[in-house]
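See structure below.
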Amino acid sequence: ESLVSITLPEGLTTIRYGAFRDCTSLTSIIIPESVTSIGGYAFRFCTSLAKFEGPLATSDQRCIVIDGALVAFAPAELFEYVIPEGVTEIGVDAFCDCTSLASITLPEGVTEIGNNTFAGCTSLASITLPEGLTTIGAWAFSDCRSLTSITLPKGVTTIGERAFYNCTSLKSVYCKPITPPTGGWNMFDSNASGRKIYVPADSVDAYKAAEYWEEYAPDIVAEE
């Protein structure tokens, strides 16, 4: 918890799962160009982390991007964030437990949101998902307790288990795909009382009959 500075050597290739978790005094870190993999939770609860340095950092120094995947985020004193262009995937756990983040916008190039990506972002009230998005991972938005509404773009084909679990303020889900995405168990459990899932009018019956969607059949209605 007292770690303020660390020097990583050139030639380092892997930062493993949870490597710097709970380093609450760390404010910046240089990630060598040789790094090819950063594990989940690598910087979880690094609440003072304000910037990454090195060639893998985005121009605003808030993210590390490897081969198009955003794999680490520096959350200190940020309440809203627009993810830079060029990112195609939001990696596993990348924004997990960023409890101050209230608004986030994803660029159009993003096609995949990984497992646990925004889990525990308890202040997140607004998020814009791009039209090209196809995959929402397991637990991706679980415990986002300030989220009241979400729009799932037409291109979404897969929603993982418990993707929106325990989003206790979530009242409206606007699901745009004509064909029900492949679902997962407990996708929308423990949402706000009376939560509705709005789907294309011609697809209501298909959604109500689809695996994992059928448990929400009473809440699935035609979008006006």
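General remarks:
- Rounded to 5, percent antiparallel among DSSP beta bridges of the chain: 15 percent
- Size of region 10-59: Rg and Dmax of its alpha carbons, in Å, are 10.6, 27.
- The charge dipole of the chain, taken about its Cα centre with unit charges on the Cβ atoms of Lys, Arg (+1), Asp and Glu (-1) only, comes to about 360 debye.
- Of the residues N191, W213, T148, the one whose Cα sits farthest towards the positive end of the charge dipole of region 148-224 is T148 (charges of +1 on Lys and Arg Cβ, -1 on Asp and Glu Cβ, taken about the Cα centre).
- Near A69: Cβ cut-off under 9 Å, other residues only, Lys/Arg at +1 and Asp/Glu at -1. The net charge is -3.
- Accessible surface, per residue, of region 126-224 when the full set of protein chains is kept, probe 1.4 Å, Å²: 44 Å²
- Relative contact order [Cα under 8 Å, 6+ residues apart], region 20-74, whole percent: 36 percent
- Among [x] 9, 34, 32, 17, 7, 1; [y] 8, 33, 38, 18, 3, 0; [z] 7, 31, 35, 22, 5, 0, the entry derived from the coordinates for P(r) over Cα pairs in 10 Å bins from 0, in percent: [x]
- Counted by Cβ distance under 14 Å from L170, the other residues give a net charge of +2, where Lys and Arg count +1 and Asp and Glu count -1.
- Rounded to the nearest 20 debye, dipole of region 1-62 from Cβ charges on Lys, Arg, Asp, Glu: 180 debye
- Over region 1-94, accessible surface divided per residue gives 51 Å², non-protein components excluded, 1.4 Å probe.
- Using alpha carbons only: equivalent-ellipsoid semi-axes of region 120-167, gyration tensor based, whole Å: 18, 13, 7
- Rel. contact order, % - alpha carbon contacts under 8 angstrom, at least six apart, the chain: 10 percent
- Residue-count net charge about A192 - beta-carbon cut-off 14 Å; Lys, Arg +1, Asp, Glu -1: +1
- Apportionment of accessible area to carbon and sulfur, the chain, percent (1.4 Å): 48 percent
The values are calculated or read from the model by the stated rules, or taken from the named source; none is laboratory data. Since the structure is predicted, the reported quantities are computational estimates derived from the model, not experimental observations. Cβ: placed from backbone, ideal geometry, glycine included. Neighbour counts: every protein chain shown. Heads up: the accessible areas ignore ligands, DNA and RNA and are worked out on the full protein's heavy atoms, side chains in. Shrake-Rupley method; radii C 1.70, N 1.55, O 1.52, S 1.80 Å.
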